[in-house]
1. Within region 63-85, track down each residue that is assigned to a strand (DSSP E or B) and in contact with a Phe, Trp or Tyr (Cβ under 9 Å, 6 or more places away or on another chain).
2. Is it fair to say residue 192 is in a helix (DSSP H, G or I) and either farther than 17 Å from residue 89 by Cβ or modelled with pLDDT under 80 (or both)?
3. Condition first: among the charged types (D, E, K, R) and in contact with a Gly (Cβ under 8 Å, 6 or more places away or on another chain). Can you find one or more residues in region 109-125 that meet it?
4. Looking at region 132-141 only, could you name the residues that are in contact (Cβ under 8 Å) with a residue 40 or more places away in the chain and open to solvent by 30 Å² or more (accessible area, probe 1.4 Å)?
5. Looking only at region 92-108, count every residue that is open to solvent by 70 Å² or more (accessible area, probe 1.4 Å) and of a type in the set (Ser, Thr, Tyr) and tell me the total.
6. Out of curiosity, is residue 84 within 24 Å of residue 155 (Cα to Cα), of a type in the set (Gly, Ala, Ser) and without any contact (Cβ under 8 Å) to a residue 40 or more places away in the chain?
7. Filter region 90-131 down to the residues that are free of Cβ contacts under 8 Å to residues at least 24 places away in the same chain and among the hydroxyl-bearing types (Ser, Thr, Tyr) and list them by number.
8. Mind listing whichever residues of region 97-125 are at pLDDT below 95 and part of a loop (DSSP other than H, G, I, E, B)?
Amino acid sequence: MTDGPRQQAPGPVPNDDGGPSSVFEHLWTPYRMAYIRGEGKPSSGDAEDCPFCLIPAMSDEDGLIVARGETVFAVLNLYPYNAGHLMVVPYRHVPDYTDLTVAEVAELGAFTQTAMRVVRQVSGAHGFNIGMNQGSVAGAGIADHLHQHAVPRWGGDTNFMPVLGLTRVLPQVLSETRRLLAAAWPSARPAAGSSTYPAPEA
C-alpha cells in the first residue's frame with residue numbers, strides 16, 4: 001500500500017509574488033524627513049539662527065512654549081520622543097552646563113521639577129528620563145545652546161513600533177499638549193534668588 005504521490009518540497013520563495021516583500025506593511029512618515037535633514041538646526045554656532053534664541057520672541061502658541069521664567073523657559077520638543085517631551089532652556093546662548101550662573105542653574109532645576117509635576121498631573125506619567133547631551137559627540141542636536149530634556153515615560157511605551165519600526169506613535173498634537181501643560185503650570189513660583197516668574201502667556 002502506498003501513500004500516493006509525494007509532494008514536492010517548495011523551492012525558494014520569490015520576492016515579487018507573495019514573498020517577503022509583500023508581507024510587511026509600510027507606515028510612511030514623510031514629516032520626519034525635516035528632522036532627518038536637520039531643518040531648523042542652526043547652520044553655525046551663532047545665536048542669530050539658533051532656534052532656542054528665536055523661540056522666546058514668538059508667541060507661546062507658535063513657539064510651543066509652556067512657561068517662561070526669568071532666566072529659562074520650558075518648551076515642547078518639536079520632534080518628541082514621547083507625548084509631553086519638554087525641554088528647559090536658558091535664554092542665554094551658552095553651550096555648556098558649566099557656563100550657567102548660579103541663578104540659571106537654580107531656575108533650570110526648579111523648572112525641571114515643575115515640568116515633572118505638571119506632566120504627572122496632566123498625563124499620569126509613570127517615570128521620566130531627565131538629562132542633557134553636552135556636545136555634538138554626546139548626541140546634542142543643537143550643541144551650541146544648552147537644553148535639558150524631560151521625557152515622560154509609561155510602562156510599555158517602548159513597544160514594537162520604535163524598536164522594530166523606528167517610528168514613534170504620538171496620540172496628541174503638539175498644540176494640544178502645549179495648551180494642557182501651560183494651563184496646569186503654576187502661574188507664579190518663587191524665582192531663583194528674587195521675585196517671581198512671569199505668568200505664561202494665554
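The values are calculated or read from the model by the stated rules, or taken from the named source; none is laboratory data. Computed from a predicted structure; not experimentally measured. Cβ atoms come from the backbone with ideal geometry, glycine included; neighbour counts cover every protein chain shown. Accessible surface areas use protein heavy atoms only, side chains included; no ligands, DNA or RNA. Shrake-Rupley method; radii C 1.70, N 1.55, O 1.52, S 1.80 Å.
1. Once the filter is applied, which keeps residues that are assigned to a strand (DSSP E or B) and in contact with a Phe, Trp or Tyr (Cβ under 9 Å, 6 or more places away or on another chain), region 63-85 yields 65, 66, 67, 68, 72, 73, 74, 75.
2. Considered against the rule, which asks whether it is in a helix (DSSP H, G or I) and either farther than 17 Å from residue 89 by Cβ or modelled with pLDDT under 80 (or both), residue 192 comes out as no.
3. Looking for residues that are among the charged types (D, E, K, R) and in contact with a Gly (Cβ under 8 Å, 6 or more places away or on another chain), one finds none in region 109-125, hence no.
4. Across region 132-141, the qualifying residue is only 141.
5. Total meeting the criteria: 2.
6. Details: within 24 Å of residue 155 (Cα to Cα): yes; of a type in the set (Gly, Ala, Ser): yes; without any contact (Cβ under 8 Å) to a residue 40 or more places away in the chain: no.
So residue 84 does not fit the description; no.
7. Of everything in region 90-131, just one residue is free of Cβ contacts under 8 Å to residues at least 24 places away in the same chain and among the hydroxyl-bearing types (Ser, Thr, Tyr), namely 98.
8. 124, 125
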